[in-house]
Each structure stands twice: as structure tokens, then as C-alpha cells.
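Here the structure is laid out as C-alpha cells; the discussion comes afterwards.
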Amino acid sequence: MQGLLAPLQFVVFLASLILILRYLATGEGLAAANASVVAKTLVLYAIMITGSIWEKVVFGRWLFAPAFFWEDVFSMLVLALHTAYLVALFQGALDPGGLMLLALAAYATYVINATQFLVKLRAARLDAARVQAAMPETGR
């Protein structure tokens, strides 16, 4: 599931970022920008739920397994900022400019968090390749 949701989330993020920047530059497209952030947040929630299920199956913990502890800690900040956006949007707590800045802050944390996971994934693949290369060939 993560293999489908992560790329989807990135595509939604890029589209949303463009809509946010368009709104900030022109003042046009507020509804589209807001809808895109809501969509991004819903995909984020889906990926966090499926990710925690995967973590439970693989590591026996819903979150904060030692292998992904710091990624999960930062994920909580990502979730908090995205959720704060939803709360501010639906309660009218911020003006449109403030909402867009909050969305950009949430997106900045998302980029950092996604980078954490990509670095971890790359390191795991490199380790697996080293182990594979070090194993003697069998069956010859």
C-alpha cells in the first residue's frame, strides 16, 4: 500500500504546492488551493494509518519502532501541522494568507520527512546489496 500511496501523496503535494503558490502570487484560486491541501492531508492520513499497520506487522509496534523512531517522531510534526491547517480552515481561525503559510510550513515538514524515509530506504537497499555481494555463490 505504501508503494502506491507515497507516490500519490507526492503528486498531490506538487499539484497543491503549485495551487498555493499561484494563490499567493495572484490572489486567485483560493478554493482550489484549500481543496488541494485538504486532499493532501487526507492522503497523508491514509499513508500514516497504513504505515502504522505495516510497522505493527513488521516490528510489533504501531509507531516508534526503533528502526523508524526518528522518522515517526518527525511524522507527528507533519501530522500536527496538516491537522492544524484543517482545524484553522474549518474554524475560520486564519485568514487565507495565514492558511497558505501554514500549509507551506506543513509541506516543508513533509519534504523533510519524506527525505528521511528515502535516505533510510536507500541505506537499506545498499546494505542488502552489500550482503548479497558478500554471499558466496551456490549451485555452481
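What the table below lists for this structure:
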read-out: Every pair of residues 6+ apart whose Cβ atoms lie under 7 Å, when the first sits in the range 41-60 and is part of a helix (DSSP H, G or I) while the second is surrounded by fewer than 18 Cβ atoms within 10 Å (Cβ to Cβ) and aromatic (Phe, Trp, Tyr); value: 52/62; 55/62; 56/62
read-out: Counted residues, the range 61-91 - those being assigned to a loop (DSSP other than H, G, I, E, B) and among the hydrophobic types (A, V, I, L, M, F, W, C); value: 4
read-out: Within the range 60-106, considering residues that are among the aromatic types (Phe, Trp, Tyr) and under 16 Å from residue 117 (Cα atoms), the one modelled with the lowest pLDDT; value: 68
read-out: Close pairs from the range 12-34: first at positive phi, partner among the charged types (D, E, K, R) and at pLDDT 95 or above, Cβ under 9 Å, at least 6 apart; value: 29/22
read-out: Flag if residue 55 is at pLDDT 95 or above, out of contact with any His (no Cβ under 9 Å at 6 or more places or on another chain), over 17 Å from residue 85 (Cα atoms) and acidic (Asp, Glu); value: no
read-out: Selection count where residues are in contact with a Phe, Trp or Tyr (Cβ under 6 Å, 6 or more places away or on another chain) and either assigned to a helix (DSSP H, G or I) or surrounded by 19 or more Cβ atoms within 10 Å (Cβ to Cβ) (or both), scope the range 18-36; value: 2
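Residue by residue, here is whether (1) loosely packed, with under 14 Cβ neighbours inside 10 Å; (2) closer than 30 Å to residue 35 by Cα holds:
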residue	(1), (2)
47	no, yes
50	no, yes
53	yes, yes
57	yes, no
60	yes, no
66	yes, no
72	no, yes
78	no, yes
87	yes, yes
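The values are calculated or read from the model by the stated rules, or taken from the named source; none is laboratory data. Please read all numbers here as calculations on a predicted model, not as lab measurements. Don't worry about glycine lacking a Cβ; one is built from the backbone with ideal geometry, like all the others, and counts go over all protein chains shown.
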